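Here the structure comes first, spelled out in structure tokens, and everything after it is commentary.
The values are calculated or read from the model by the stated rules, or taken from the named source; none is laboratory data. Remember, it's a predicted structure, so these values are computed and weren't measured experimentally. Quick reminder, even Gly has a Cβ in these numbers, built from the backbone with ideal geometry, and neighbours come from all protein chains shown.
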Amino acid sequence: MKIPFGFAGRFGSFKHAVDGIFTMMKSEHNARVHGLATVAVCMAGIYWRIGRNEWCWVAAAIVAVWVAEALNTAFEFLADATSPDFHPLVGKAKDVAAGAVLITALGSVLIGLLVFGPYAVKMLGW
């Protein structure tokens, strides 16, 4: 039965989304690593008082990594539900999904180097 559009329905959807984030944080070690990295990067941005445009790049990188990790987690849950026993194709699909997270994380590291590199070089006096 479909619930009509309304505040209660939107609140319920929001609650399910937040529950999903908590599930990801509890079940995925890498999500906790991303959380620490997010805090560290935000602290560095505040410390060095990066500009608005730099914050846009940093925010885009953070969001990209979190979205990739969330999609990878959802994919792993679905794969485990549909094929509880090992299947080589499911294993390959999981590897590809994990690779997508790695690609996103490496791209974010590049953005971090481009944004924070000049501040670090200046601080070190190079």
**Request:** Mind telling me which of the residues Val33, Val65 ends up being touching a His at 6+ places or on another chain (Cβ under 7 Å), closer than 23 Å to Ser108 by Cα and either in contact (Cβ under 8 Å) with a residue 12 or more places away in the chain or assigned to a helix (DSSP H, G or I) (or both)?
**Result:** Val65
**Request:** Kindly check whether there is at least one residue in region 68-77 that is within 11 Å of the chain's Cα centre (by Cα), modelled with pLDDT of 95 or more, of a type outside the set (Lys, Arg) and closer than 30 Å to Pro118 by Cβ.
**Result:** yes
**Request:** Give the residue that is nearest to the chain's Cα centre (by Cα), with candidates limited to residues of region 20-38 that are among the small types (Gly, Ala, Ser) and surrounded by 15 or more Cβ atoms within 10 Å (Cβ to Cβ).
**Result:** Ala31
**Asked** Can you name every residue in region 39-62 that is within 17 Å of Thr104 (Cα to Cα) and surrounded by fewer than 17 Cβ atoms within 10 Å (Cβ to Cβ)?
**Response** Cys56, Trp57, Ala59, Ala60
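So that you can scan it fast, the table gives a plain yes or no per residue for (1) in contact (Cβ under 8 Å) with a residue 60 or more places away in the chain; (2) under 19 Å from Gly20 (Cα atoms); (3) not aromatic (Phe, Trp, Tyr):
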residue: Cys56; (1), (2), (3): no, no, yes
residue: Ala61; (1), (2), (3): no, no, yes
residue: Phe86; (1), (2), (3): no, no, no
residue: Ser108; (1), (2), (3): no, no, yes
residue: Tyr119; (1), (2), (3): yes, no, no
**Fill in**
Checking Phe14, Phe7 in turn, the sole residue that is aromatic (Phe, Trp, Tyr), loosely packed, with under 10 Cβ neighbours inside 10 Å and modelled with pLDDT under 95 turns out to be Phe7
